[in-house]
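See structure below.
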Amino acid sequence: MTTRRLLLGATLLAPLAAQAQTPAVTVESPWTRAARAGGQGAGFLTLRSAAGDRLLSASSPAANRVELHTHMRDGDVMRMRPVENIELPAGTAVTLQPGGNHLMFIGLKQPFEQGAQVPVTLVFERAGSITVQLPVQGAGARHSH
Ligand SMILES: [Cu+2]
């Protein structure tokens, strides 16, 4: 009985050890813009995965929901459109930026005040969940600094 328990323990530990080695995603230059409560906000950052990964979803306690968006040309206008996921090719930096892919915060629970930080949790296919803080820039900001 004791032996059996020990074996069971070892089996349970195996997935944890595997998880510790899951490929990491690095997040650089996260930022967002000032926005009013009840409205929408956009989040930007640069993602990099040595092994390749995929951003599946995002969430934040600061918004009712967070969608992954891209911009698509529709005639003469660029429109935002939700996407299923954002591909991270191995070893390639993928930048979410104004006019391109971005995180869309929908239904802000409080205003995004310039100088504050907005937490967002990103869920990756291989790397799992990563929570980052987005510093809030001015309302018209086009870059992280
Ligand atoms: Cu959007």
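The values are calculated or read from the model by the stated rules, or taken from the named source; none is laboratory data. Note that the coordinates shown come from a computational prediction; the quantities given were computed from them, not determined experimentally. Cβ atoms come from the backbone with ideal geometry, glycine included; neighbour counts cover every protein chain shown. The accessibility values were calculated without ligands, DNA or RNA, using every heavy atom of the protein model including side chains. Shrake-Rupley method; radii C 1.70, N 1.55, O 1.52, S 1.80 Å.
Give the ranking of Glu84, Glu125 by solvent-accessible surface, highest area first, calculated with a 1.4 Å probe.
From most exposed to least exposed: Glu84, Glu125.
Taking a ≥ b ≥ c as the square roots of the eigenvalues of the Cα gyration tensor of segment 23-137, is the shape rounded (a/c under 1.5), prolate (a/b larger than b/c) or oblate?
oblate
With every protein chain left in place, what is the accessible area per residue of segment 81-124 in square angstrom, probe 1.4 Å?
47
Taking 0.36 nm per residue of sequence separation and subtracting the Cα-Cα distance, how much length would be gained by fully extending the chain between Gln133 and Asp76, in nm to one decimal?
Working it through step by step, the gained length comes to 17.1 nm.
With +1 on each Lys and Arg Cβ and -1 on each Asp and Glu Cβ, how big is the dipole of segment 23-137 about its Cα centre, in debye rounded to the nearest 20?
Roughly 200 debye for segment 23-137.
Calculate what fraction, in whole %, of the accessible area of segment 23-137 sits on carbon and sulfur atoms when a 1.4 Å probe is rolled over the protein chains.
47
Taking loop as defined by DSSP and a crowding limit of 11 other beta carbons within 10 Å, which trypsin sites (Lys or Arg not before Pro) in segment 82-145 fit?
Arg142
Quickly work out the Val83-to-Gln110 label distance, labels modelled 7 Å from Cα along the C-beta direction, and quote it in nm with one decimal.
Roughly 3.2 nm, to one decimal.
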